[in-house]
Amino acid sequence: MSGAGGEPRAVASTRAVDIAVSLLLLAFAALMGWDNWKSGAGWAIDGPKAGYFPFYLSLLLAGASLFGLVKALVHRAGAASPFVNRDQLRRVLQVLVPTFLFCLLTQWLGIYVASFLLIAGFMRAVGRIAWWKSLATSLVFALAMFVTFDVAFDVIMPKGPLEAWLGF
Amino acid sequence: MEAFGLLVHGFEVLLTFKILLLMMLGLVLGIFVGVLPGLGGPNGVAILLPLTFTMEPTSAIVMLSCIYWGALFGGAITSILFNIPGEAWSVATTFDGYPMAQQGKAAEALTAAFTSSFIGSFVAVLLITFLAPGIASFALRFGPPEFFAVYFLTFCSFVGLGKEEKHKTLISMALGLLLTGIGMDTVSGQLRMTFGSDDLLRGINFLVAVIGLFGISEILLTMEERLALRGHAAAISPRVVLAVWKDLPKYWVTLLRSSAIGCWLGITPGGAIAASFMGYNLAKRFSKDKDSFGKGRIEGVFAPETAAHASGTSALLPMLALGIPGSGTAAILLGGLMVWGLNPGPLLFAEHKDFVWGLIASMYLGNLVGLVMVLSTVPLFAAVLRVPFAAIAPMIVVSCAVGAYAIQNAMFDIWLMLLFGVVGYVFKKISIPLAPFTLALVLGNRAEDSFRLSMIGSGGDLRVFWSNGLVGSIATLGLVLLFWPLVSAAVGRVRRGIA
């Protein structure tokens, strides 16, 4: 999105990300290939061993990633096109970081309290919505979730100290 | 007409107060997720799946498929009123739908979209009703080699016919297949690729991956693009509906052509996206007045919507009859069926008649009820889009987490969902297609099992895949499709040589 002051600076080019992803996939393929080789990638008397199928898939993945890597290095395609610019990255992190914190909090506080905090915090901090609106919306949402899952549909969700204190 | 009798029986299964209520609920939820930016058919179904875990299978699948119909209808609302396609296959609908809304003809455009969705789906459901039982009973003769050959064919057609770069399709598919192998090997019971982790022992659940890949990554992308929602208001009056319907017969050729394209592309894994564009382009090519397309012509709404929905619906045909999903959403519905211990495929028709025919009947009923509902509630759902995205985004994140957790009651899955969200975001941005990944995740284990069972049966002889006419022709067709770009280039060269 170009602002009034021209295009914000790109953080990485598509080509750089292409190369990084290819390298990561290669490493992953190597790890999986090695593990499956250990499990037995050959044939037993009654057919392929447990590691056979995934071992050859690792090879396929490695081959395709290698092809992508070479292509990105040689052709320099996508070197000029930005993968993400600064403003975009900032906005993506604005949702990614809170989501990460939400996952972390869910472990200690349970999903209902964590989602109350996520929704209220996000609405207030990112959306700049009035305090009372943010708090009210998230409270209603968290309560509605609790009633839907825990009470009506019997789906068990992670709970924390608050629910224990309330006797659920 | 055996199918007809069974269908009547299916309606009997459906017509209970509870199921009808669930149907309405599913439709409302579906339209809701379809309207929300960043959600849509597959995501909606994946996120709402946990709600159905405690139901009995027939109620659950009826509700799920209604969520799907609802999401399809909802997608049209955003395309026409806000110029934001809810799904890739609604892109073609915006070409003429949004200009119509700008000219104050939003109600006509919406009526046209909903009506043509209904017609497209209806044709596809008719096809399912009469073809699926036949295909299923034919497929009862399939053994492991035949099944492997069919899976092989499906994978090959993705590589050979896909528009993306071939190595990227291969990466996506190989990665998906590898991930399904994690955990306990179903044939030997041996552990593999778990690296001593207890959490990986369970394997990577398909639905967890899908929720991350589609739900979370869409939120990231939507935030990045900073969607400014500015839309047109619309209310549909019965007069407009009748006026549009009165003109319908004029467009019968377009409707029929688009339905046919949609059904064909839905059954082969070509998909609704291709169908909608092809429907639109053909309607334009055969029109006497080509220039009026793109400027708010009602035919430009009829053509892509009919094709997209015929294709989206007929994608359920191979899923039900063979256990091979024709689309991402069909793959998720298939994942749902497996949660309830139902194995889609030919045996389903023989062993769970109530279930199958209840589902097919629900397609008829769900579409009809859905049509009436969207026509009457458009203003309500268009209002949803005025809710600030800053409120909707965290709610979607929470729904995704709930969905991911509920599948196996594992905190690890919430983390996995987050990881898949980031992976999905990066993959979409460097155009590694996600559809082959999804397909590989859902079919991986079955493909491997059928391969290994064939090998056990044949004593390790690969020639088993060419041991009879049936399996041989499927396997050969797979190879042809895999190398399709080379084959078609060669054919072209020969032709030019002759000419």
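Things to note:
- Filtered residue count, segment B:346-373, keeping only those that are surrounded by 22 or more Cβ atoms within 10 Å (Cβ to Cβ) and either in contact with a strand residue (DSSP E or B) (Cβ under 7 Å, 6 or more places away or on another chain) or outside any helix (DSSP H, G or I) (or both): 0
- In segment B:204-227, the residues that are touching a residue at least 40 places away in the same chain (Cβ under 8 Å), within 9 Å of chain A (Cβ to nearest Cβ) and in a loop (DSSP other than H, G, I, E, B): none
- Tally, over segment B:133-147, of residues that are modelled with pLDDT of 85 or more and surrounded by fewer than 24 Cβ atoms within 10 Å (Cβ to Cβ): 2
- Selected residue (only one of B:Val150, B:Val91 is at pLDDT below 80 and part of a helix (DSSP H, G or I)): B:Val91
- When B:Ile392, B:Ile396, B:Ile407, B:Ile414 are screened for being farther than 28 Å from A:Arg91 by Cβ, in a helix (DSSP H, G or I) and β-branched (Val, Ile, Thr), only B:Ile407 passes.
- Selection within segment B:427-476: residues that are crowded, with 18+ Cβ neighbours inside 10 Å, within 13 Å of chain A (Cβ to nearest Cβ) and among the β-branched types (Val, Ile, Thr). The member of this set that is farthest from B:Arg141 (Cα to Cα) is B:Ile430.
- Residue count for segment A:61-87, restricted to those that are under 25 Å from B:Trp415 (Cβ atoms) and either assigned to a helix (DSSP H, G or I) or of a type outside the set (A, V, I, L, M, F, W, C) (or both): 2
- Of all residues in segment B:411-426 being more than 9 Å from chain A (Cβ to nearest Cβ) and hydrophobic (A, V, I, L, M, F, W, C), the one that is farthest from A:Leu61 (Cα to Cα): B:Phe412
- Candidate set: segment A:139-162, residues that are within 8 Å of chain B (Cβ to nearest Cβ) and part of a helix (DSSP H, G or I); chosen: the one surrounded by the fewest Cβ atoms within 10 Å (Cβ to Cβ): A:Thr148
- When A:Val11 is tested against (1) of a type in the set (A, V, I, L, M); (2) part of a helix (DSSP H, G or I); (3) under 25 Å from the mean Cα position of the chain (by Cα), exactly one condition is not met: (2).
- Number of the condition not met by B:Ser488 [criteria: (1) within 14 Å of chain A (Cβ to nearest Cβ); (2) out of contact with any helix residue (DSSP H, G or I) (no Cβ under 6 Å at 6 or more places or on another chain); (3) not basic (Lys, Arg)]: (1)
- Matching residues, segment B:319-356, being of a type in the set (S, T, N, Q) and under 24 Å from B:Gly212 (Cα atoms): B:Ser327, B:Thr329
- Filtering B:Val494, B:Val464, B:Val487 for residues that are assigned to a helix (DSSP H, G or I), β-branched (Val, Ile, Thr), without any contact (Cβ under 8 Å) to a residue 12 or more places away in the chain and farther than 19 Å from B:Gly162 by Cα leaves a single hit, B:Val494.
- Hey, B:Asp354 among the acidic types (Asp, Glu) and within 14 Å of another protein chain (Cβ to nearest Cβ) or not: no
- Among the candidates A:Gly63, A:Gly68, the residue that is at the interface with chain B (Cβ under 9 Å from one of its Cβ atoms) and surrounded by fewer than 18 Cβ atoms within 10 Å (Cβ to Cβ) is uniquely A:Gly63.
- Among (1) surrounded by fewer than 18 Cβ atoms within 10 Å (Cβ to Cβ); (2) small (Gly, Ala, Ser); (3) not assigned by TED's automatic domain parsing to the domain that holds A:Ala41, the one test that A:Ser134 misses: (1)
- In the set B:Leu359, B:Leu322, B:Leu371, only one residue is under 18 Å from the mean Cα position of the chain (by Cα), aliphatic (A, V, I, L, M) and within 26 Å of B:Met278 (Cβ to Cβ); that residue is B:Leu322.
- Residues satisfying the criterion are absent from segment B:95-109 (criterion: within 30 Å of B:Leu51 (Cβ to Cβ), modelled with pLDDT under 85 and in contact with a helix residue (DSSP H, G or I) (Cβ under 8 Å, 6 or more places away or on another chain)).
- Cβ-Cβ under 7 Å pairs, at least 6 apart or on other chains, segment B:384-409 side more than 7 Å from chain A (Cβ to nearest Cβ), far side among the basic types (Lys, Arg): B:Gln408/B:Arg202
- Some residue of segment A:106-117 being at pLDDT below 95, surrounded by fewer than 17 Cβ atoms within 10 Å (Cβ to Cβ) and facing chain B (nearest Cβ under 7 Å): yes
- Any hit, segment A:122-130, residues being modelled with pLDDT of 90 or more, touching a Pro at 6+ places or on another chain (Cβ under 7 Å) and either surrounded by fewer than 18 Cβ atoms within 10 Å (Cβ to Cβ) or of a type in the set (Gly, Ala, Ser) (or both): no
- A:Phe100 meets the conditions (1) surrounded by fewer than 20 Cβ atoms within 10 Å (Cβ to Cβ); (2) at the interface with another protein chain (Cβ under 7 Å from one of its Cβ atoms); (3) over 17 Å from the mean Cα position of the chain (by Cα) in every case but one. The failed one is (3).
- Meets criteria (surrounded by fewer than 19 Cβ atoms within 10 Å (Cβ to Cβ) and away from chain A (no Cβ under 11 Å)) for B:Ser376: yes
- Qualifying positions in segment B:105-147 - assigned to a helix (DSSP H, G or I), over 20 Å from B:Ala71 (Cα atoms) and hydrophobic (A, V, I, L, M, F, W, C): B:Leu126, B:Leu127, B:Ile128, B:Phe130, B:Leu131, B:Ala132, B:Ile135, B:Ala136, B:Phe138, B:Ala139, B:Phe147
- Applying the criterion of being free of Cβ contacts under 8 Å to residues at least 12 places away in the same chain and not in a strand (DSSP E or B) to the residues of segment B:179-203, the residue that is farthest from the other protein chains (Cβ to nearest Cβ) is B:Asp198.
- Scan of segment A:30-51 for residues that are more than 8 Å from chain B (Cβ to nearest Cβ) and buried (at least 19 other Cβ atoms within 10 Å of the Cβ), ordered by number: A:Gly33, A:Ala41
The values are calculated or read from the model by the stated rules, or taken from the named source; none is laboratory data. Remember, it's a predicted structure, so these values are computed and weren't measured experimentally. Positions of Cβ are backbone-derived with ideal geometry, glycine not excepted, and every protein chain shown enters the neighbour counts.
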